[in-house]
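A.B. asks: I am attaching a structure below and will ask some questions about it afterwards.
The values are calculated or read from the model by the stated rules, or taken from the named source; none is laboratory data. Predicted, not measured: the structure shown is a model, and the values here were computed from it. Cβ coordinates were reconstructed from backbone atoms using ideal geometry, including for glycine residues, and neighbour counts include every protein chain displayed.
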Amino acid sequence: MTVLAKYAKDITYCTYCPRLCRFACPVTNAETRETVTPTNKMNLLELLRSGAAQMDAGVADIFYRCAGCLTCRAYCKWRIDVPRVMERARALAVEKGVQPGRLNRHISTFAEHGNPYGKALAAKFNALGLEDRVDKTADTLLFLGCTTIFHFPNLAKAIVKLLDAAGIDFAVHGEEDALCCGTPALYSGAHKDFESAARRLKSKLGRYKTIISGCPSCLASFSIKYPEHGIAQRTRTLHTAELAAQLLDSKRIKVREPFAQSAMYHDPCHLAKYFGIYDAPRRILSALFEPDRVFEFSWNRDKNYCCGGGGLIPVTDPALSKSITRKRLEQFYEAAPDMLVTACPTCERTFHRADPDIETRDLIELLAERLDA
Amino acid sequence: MDNIAPSQLDKSIVARLVEIFGERHVSVTAVDRAAYSRDLWPRTHIWMSGGRIPHPPDAVVWAKNEEQIAELLKLANKELFPVIPYGAGSGVCGGALPLFRGVILDVKKMDRIIEIDDVSLTVTAEPGVIGQHLEMELNRKGYTMGHFPSSIYCSSLGGYLAARSAGQLSARYGKIEDMVMSLRAVLPNGDIAETVCSPRSAAGPNWTQMFVGSEGTLGVITRARMRIYPYPPSRLFRAFTFNGVHDALESIREIMRAGVLPAAVRLYDELDTILIGGKKEDSVETPINHDPEPENPVKKVMHEVSSGVQNILMGIPKVAGRLAEHVKGKCLLVLTFEGVPEMTNAELETSVRICKKNSGRDEGEEPAKRWWENRYNVSYNQSRVFHQGSWVDTFEVATTWDKVEKLYFAVRKAVSPHAFIMAHFSHAYVHGCCIYFSMLSRGRDQEEAEKVYDTVWKAAQGTAVRFGATVTHHHGVGLHKAQGLKRELGPLMETFRGVKTVMDPNNILNPGKLGLPDWGE
């Protein structure tokens, strides 16, 4: 339990809190089970620390019922980061070998390939036609991230188009174990694999001045999670939405004409809560859509709601993931705009999976379609 | 989990529960039973600090509809086991504790907002909806229910009704019993009853109110139709300070007597003004910091001084309690007004005139706005107290105006030898007011902590009963205030027990609460 000693104060504060974040927790709202409130998860850790409970499969299962969305922190006066403590609790579960069985393949694939998709990821990357950019000398690294490469090649191409339009010279990584930031290993609890991935990548990141990515979780990994694990990484990170908003503001890029359709924007948790980036996407939206054609969820900005794709819940409990997504989509169905727009490949994939009939798009893909040549 | 007793429920009963609720919605696992072994009664926190789980249920079920609840209650009558209805478990009196094991009936899956009626201004909803979700949805559509308990983030509509809740804006919008128009409930024998929905009825006793405050002992509330209001177009704020509570209480009394209906009326006594009500940066507490970064040195020193004072209180509460009796200072009165501008302006004007007449110093809008922005924050402080090894609890008494001030000083005097005590006055009426005491103390070990806890509560409740005040304005009774209720009801307690026996002859619903018979009694 020494790994939890650092969080002893967080754990006791949550244990004796009147569960004030419960209404904001997407897992709690979906399961309606006291056991999975952020407060009770921390309470379980208090019982583990005091020896009143032991880490077994039943206890471990609860620690995997966290989407890592940080909405609990948004409503916590003490700003307690429950997901961070859950990451540590999952590491304990893996050490004991009591993690959910559904994760085993995920963990072994990452251990072997350094990414959650295995060999197929490199093939997908090669199909993007970025060979001449691999490891080239440049100030900027474009880190596409495994989910974008594997599921959204068009988004990858759109990001490249944006950078080219702005005249930004950039390099990419090409090896299969350099295409993923390590987040999937972190959330699975396989922290040794995460840390070795982080060290491997860190040695490659230092040569760049800026890392650009369209994946908020990759950026959170580089600038928050690596340092939390003692792996200092100082290269500046920039999300594509932030970059695109800056380029629009400075008129280095222009939008041809706005879309005729309407859109609703979903704030990705890590983008909004780790980085506080929620105005930049809206500035892009205002360039892409008429003002009266943009809708808002009532849970938005830094108090948004998870898409259902966080914390590896789609792997450990797909039904729970879908239930969270359904809750998120309630207001979308009510407002019935033409498309759902986001700025995170995991969110996009989660919405696609839950309802393929919804046109879910990434901001940058939309922007790339309307760039004024 | 070794320290949790195994479920004693017969396997055939568990199998029957699975038939009723489905496999996913029945649990006998240790983690679930541990999670439902406590509510937010501070005494359960004392237990938790020693890793004790003395009251685990045998099983937890999650109902999706009232037919399942009816089947469960019929089964409980046949097989004889207790059923404890459970909303969000935010009660602070042990009302949801499975004292005699049995089955926890969680109703949070019944959380639909069924209908908003714009013509009649009502909302019909299920008991499991969390208060903040309901209010957010109403706000989004241009309404408010006006119910803002400090627990709104962690409590449910069913819990509000079952425990007779009151919110911070109760002077304007009323308490939960004023808001409910009708409800549906599953009776202990499995019958489903629904009360008539009408602005008023003279058809005998009020059966809606029979279930309000019954804390799951007479039936399981499954639906309620509540009054709502258009979202207020105007919200005004004002604060005053007074030398001591007397002139401030007089001001509140006169404001209410003048027919003004402020949304919030909150008067903090000298200590509460220093520690809670007057704090300038209540929302900007220093986060728990694992990776210290350089911070503003002035802020850091100020924070440490403030924390130091609070740590002394937590470390030696009895000494602090005695010293506190001699504190003289300002008392902060917060007033807010909601409604159409013509009305709020007039109410504000009248209130200002009354406060000034009673020597109140006009502090402008800022302190009241600050309270509004931080109105739920006080509950977070509980964590810090328990983390320091102390305990904190609150006592909300109410009485008529002729006794309010005397009762306030008497409770303080009775409690201060054993605990640090401060108070604010809220939920004002034309005829009286609620006093909300916060009491903080500790023991050298858990045994002593519980002993001190009992001593403090005996002194506090005993004083309230002696004054003819009620021992609970809005927290309910549960287990914690059962003795106080018995003393308050006198011979009517036997009548209440008779009602319970007629409605629930096998005593299956939440036994041992509200002073009603224990399981097997």
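A.B. asks: Just checking, which of B:Ala248, B:Ala193 is more than 30 Å from B:Glu363 (Cβ to Cβ) and in contact with a Gly (Cβ under 8 Å, 6 or more places away or on another chain)? Steps first, please.
C.D. replies: Numbers: B:Ala248 fails: more than 30 Å from B:Glu363 (Cβ to Cβ).
Of B:Ala248, B:Ala193, the one residue that is more than 30 Å from B:Glu363 (Cβ to Cβ) and in contact with a Gly (Cβ under 8 Å, 6 or more places away or on another chain) is B:Ala193.
A.B. asks: Now for a different question. All but one of (1) in the same structural domain as B:Ile252 (by TED's automatic domain parsing); (2) under 25 Å from B:Ala324 (Cβ atoms) hold for B:Thr472; which doesn't?
C.D. replies: (1)
A.B. asks: If you go through the range B:498-519 one residue at a time, do you hit one that is at pLDDT below 95 and either within 24 Å of B:Arg101 (Cβ to Cβ) or buried (at least 17 other Cβ atoms within 10 Å of the Cβ) (or both)?
C.D. replies: No.
A.B. asks: Scan the range A:279-295 and tell me whether some residue there is within 14 Å of chain B (Cβ to nearest Cβ), in contact with a strand residue (DSSP E or B) (Cβ under 8 Å, 6 or more places away or on another chain) and either part of a strand (DSSP E or B) or touching a residue at least 24 places away in the same chain (Cβ under 8 Å) (or both). I'd like the intermediate steps shown before the answer.
C.D. replies: Narrowing the range A:279-295 to residues within 14 Å of chain B (Cβ to nearest Cβ): A:295.
Narrowing further to those that are in contact with a strand residue (DSSP E or B) (Cβ under 8 Å, 6 or more places away or on another chain): A:295.
Adding the requirement that they be either part of a strand (DSSP E or B) or touching a residue at least 24 places away in the same chain (Cβ under 8 Å) (or both) leaves A:295.
Yes, the range A:279-295 contains a residue that is within 14 Å of chain B (Cβ to nearest Cβ), in contact with a strand residue (DSSP E or B) (Cβ under 8 Å, 6 or more places away or on another chain) and either part of a strand (DSSP E or B) or touching a residue at least 24 places away in the same chain (Cβ under 8 Å) (or both).
A.B. asks: Further, regarding this structure: Checking B:His418 against (1) outside any loop (DSSP other than H, G, I, E, B); (2) crowded, with 20+ Cβ neighbours inside 10 Å, only one condition comes out false. Which one?
C.D. replies: It fails just one condition, (1).
A.B. asks: A follow-up question, please. How do the pairs read when you match residues in the range B:414-425 that are closer than 20 Å to B:Lys330 by Cβ with residues anywhere that are at pLDDT 95 or above and part of a loop (DSSP other than H, G, I, E, B), using Cβ under 7 Å and keeping only pairs 6 or more apart or on different chains?
C.D. replies: Listed pairs, sorted by first residue: B:Met422/B:Asp269; B:Ala423/B:Asp269; B:His424/B:Asp269.
A.B. asks: May I ask you to list the residues in the range A:44-92 that are within 17 Å of A:Leu103 (Cα to Cα), away from chain B (no Cβ under 11 Å) and either touching an Asp or Glu at 6+ places or on another chain (Cβ under 6 Å) or in a loop (DSSP other than H, G, I, E, B) (or both)?
C.D. replies: If the condition is that a residue be within 17 Å of A:Leu103 (Cα to Cα), away from chain B (no Cβ under 11 Å) and either touching an Asp or Glu at 6+ places or on another chain (Cβ under 6 Å) or in a loop (DSSP other than H, G, I, E, B) (or both), then A:Tyr64, A:Cys66, A:Ala67, A:Gly68 are the ones that fit.
A.B. asks: Next question, about the same structure. If we only count helices (runs of 4 or more DSSP H) wholly inside the range A:155-228, which ones have 2 or more residues that are touching a helix residue (DSSP H, G or I) at 6+ places or on another chain (Cβ under 9 Å) and surrounded by fewer than 21 Cβ atoms within 10 Å (Cβ to Cβ)?
C.D. replies: Numbers: elements: A:183-188, A:191-205, A:216-220.
Once the helices (runs of 4 or more DSSP H) in the range A:155-228 are filtered for at least 2 residues that are touching a helix residue (DSSP H, G or I) at 6+ places or on another chain (Cβ under 9 Å) and surrounded by fewer than 21 Cβ atoms within 10 Å (Cβ to Cβ), what remains is A:191-205.
A.B. asks: Does B:Glu448 meet the test of being over 22 Å from the mean Cα position of the chain (by Cα), of a type outside the set (S, T, N, Q) and closer than 18 Å to B:Thr273 by Cα?
C.D. replies: Numbers: over 22 Å from the mean Cα position of the chain (by Cα): yes; of a type outside the set (S, T, N, Q): yes; closer than 18 Å to B:Thr273 by Cα: no.
In short, no.
A.B. asks: Just to be sure before I move on: is B:Leu40 at the interface with chain A (Cβ under 10 Å from one of its Cβ atoms) and either surrounded by fewer than 19 Cβ atoms within 10 Å (Cβ to Cβ) or of a type in the set (A, V, I, L, M) (or both) in the structure I sent? Working first, answer last.
C.D. replies: Values: at the interface with chain A (Cβ under 10 Å from one of its Cβ atoms): yes; either surrounded by fewer than 19 Cβ atoms within 10 Å (Cβ to Cβ) or of a type in the set (A, V, I, L, M) (or both): yes.
So B:Leu40 passes the test.
A.B. asks: Collect the residues in the range B:355-398 that are aliphatic (A, V, I, L, M), away from every other protein chain (no Cβ under 14 Å) and either surrounded by fewer than 21 Cβ atoms within 10 Å (Cβ to Cβ) or not in a helix (DSSP H, G or I) (or both), keeping them in residue-number order. Give the derivation first.
C.D. replies: In the first step, residues of the range B:355-398 are kept if they are aliphatic (A, V, I, L, M); the result is B:368, B:378, B:385, B:392, B:397-398.
Next, from what is left, pick out any that are away from every other protein chain (no Cβ under 14 Å): B:368, B:397-398.
Of everything in the range B:355-398, those that are aliphatic (A, V, I, L, M), away from every other protein chain (no Cβ under 14 Å) and either surrounded by fewer than 21 Cβ atoms within 10 Å (Cβ to Cβ) or not in a helix (DSSP H, G or I) (or both) turn out to be B:Val397, B:Ala398.
A.B. asks: Given the criteria under 24 Å from A:Gly182 (Cα atoms) and outside the structural domain of A:Leu238 (by TED's automatic domain parsing), does A:Ala343 qualify?
C.D. replies: On the way: under 24 Å from A:Gly182 (Cα atoms): yes; outside the structural domain of A:Leu238 (by TED's automatic domain parsing): yes.
In short, yes.
A.B. asks: Being touching a strand residue (DSSP E or B) at 6+ places or on another chain (Cβ under 8 Å) and crowded, with 22+ Cβ neighbours inside 10 Å narrows it down to one residue among B:Val340, B:Val334; which is it?
C.D. replies: Values: B:Val340 fails: crowded, with 22+ Cβ neighbours inside 10 Å.
Just a single option satisfies the conditions, and that option is B:Val334.
A.B. asks: Another question, if that's okay. Looking at A:Arg22, A:Arg49 in this structure, which one is crowded, with 24+ Cβ neighbours inside 10 Å and among the basic types (Lys, Arg)?
C.D. replies: Criteria check complete, one pass: A:Arg22.
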